[in-house]
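Structure first, then comments.
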Amino acid sequence: MAEGVALTEAFYYILLSLYQPLHGYGIMQKAAEFSGGRVQLAAGTLYGALNALLEKGWIEALPVEAGSRKKEYRITDAGKAAVETELARLEELVRNGRAVTKEGQA
């Protein structure tokens, strides 16, 4: 993740969803599933995020099958690197938070 910026929850869950190719509605369902229903992506949010992720090169659009209107997307190696960087950042946050709160309990 070249910018070193934290991912939004929408970006994070969209990227996780796209480890398997999916279309927009499938991405919405996966994000809700992964978050226990807490994250509900509206169509406008989803397609704005997909465009941003395409521009970053973190996802790619797959060729549309003949007779289908559903565009599918999948994560790229750069997108997987962004997820790994975000996971490391989140793990650090949790480690530091647990260390401080345990110290405060003593």
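Could you state the angle between the C-alpha long axis of helix 43-56 and the longest principal axis of the C-alpha atoms of the chain, as a value from 0 to 90 degrees rounded to the nearest 10? Between helix and principal axis, roughly 80 degrees. Carbon and sulfur: what percent of the chain's accessible surface (1.4 Å probe)? Carbon and sulfur: 52 percent of the exposed surface of the chain.
Per-residue ellipticity at 222 nm from helix content only, as computed over the chain with -39500 (n - 2.57) for each DSSP H run of at least four residues, stands at -19500 deg cm²/dmol. Over the chain, Cα pairs under 8 Å with separation of 6+ residues give a relative contact order of 30 percent.
At full extension, ALA66 and TYR19 could sit 14.6 nm farther apart than now, given 0.36 nm per residue minus the alpha carbon distance. In terms of Cα atoms, the Rg and Dmax of the chain work out to 16.2, 65 Å.
The values are calculated or read from the model by the stated rules, or taken from the named source; none is laboratory data. Not measured: the values here are computed from a predicted model. Accessible surface is based on the protein model in full, side chains and every heavy atom, while ligands, DNA and RNA are left aside. Shrake-Rupley method; radii C 1.70, N 1.55, O 1.52, S 1.80 Å.
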